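Computed from the coordinates by the stated procedures, all read-outs in this text should not be read as laboratory data. In this text, all values refer to a predicted model and were calculated from it rather than measured experimentally. Because the Cβ atoms are built from the backbone with ideal geometry, glycine has one as well, and the counts that use them run over all protein chains shown.
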């Protein structure tokens, strides 16, 4: 019975891995970190447990003395303010950061599309499960959203899964 259970678990893992959505999550070729720092409003995101139910979401990125980046996320859930703090490390790839909110566990933060004036960004991770549309203001014009969504679709993301974050 134990062998059957173990075989079933490995079978489920194999099926999950073999059916995982493949996306082009390549980051942009260049990122001026100084220009990227500061406040970003979350316009849309894929649903995930650590932000579920949050509205009025905003992230702040600030350079620390040790060269890492302080990451502070704020939002409101059920009428109560929520804040989470983490840090990001710079990598050899300019628009690929490694972000952690849980001790030694880091995840990719990939800036995949970026406005020339650093007013909006499309951000992903190493998997197709995470996607964010960020902006310097709480709203983006529909023309801009259309461009960002088209790029996400071109890269293989299922944009029907986007949750539009309440900002006003």
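What Kirkwood radius, in Å to one decimal, follows from the Cα pairs of the range 93-138?
That comes to 11.5 Å for the range 93-138.
Rg (Å, one decimal) plus Dmax (Å, integer) for the alpha carbons of the chain?
Both quantities, over Cα of the chain: 17.4, 61 Å.
Most fluctuating residue of 136, 45, 154 in a GNM of the chain with Cα springs under 10 Å: which is it?
154
Sort 108, 32, 92, 39 so that the residue with the fewest other Cβ atoms within 10 Å of its own Cβ comes first and the one with the most comes last.
Least crowded to most crowded, the residues run 92, 32, 39, 108.
Summing -39500 (n - 2.57) over the DSSP H runs of n ≥ 4 in the chain and dividing by its residue number, what mean residue ellipticity at 222 nm do you reach, to the nearest 500 deg cm²/dmol?
It comes out at -6000 deg cm²/dmol, rounded to the nearest 500.
Kindly put 151, 143, 51, 42 in sequence by how many other C-beta atoms sit within 10 Å of each C-beta, fewest to most. It would help to have the intermediate numbers written out before the result.
Details: 151 15, 143 7, 51 20, 42 25.
Fewest-to-most Cβ neighbours within 10 Å comes out as 143, 151, 51, 42.
In nm, to one decimal, how far is the residue 153 label point from the residue 80 one, both placed 7 Å along Cα→Cβ?
With each label placed 7 Å out from Cα toward Cβ, I get 4.0 nm.
So if R0 is 30 Å, what FRET efficiency would residue 129 and residue 37 give, r being the distance between their Cβ atoms, rounded to the nearest 0.05?
0.70
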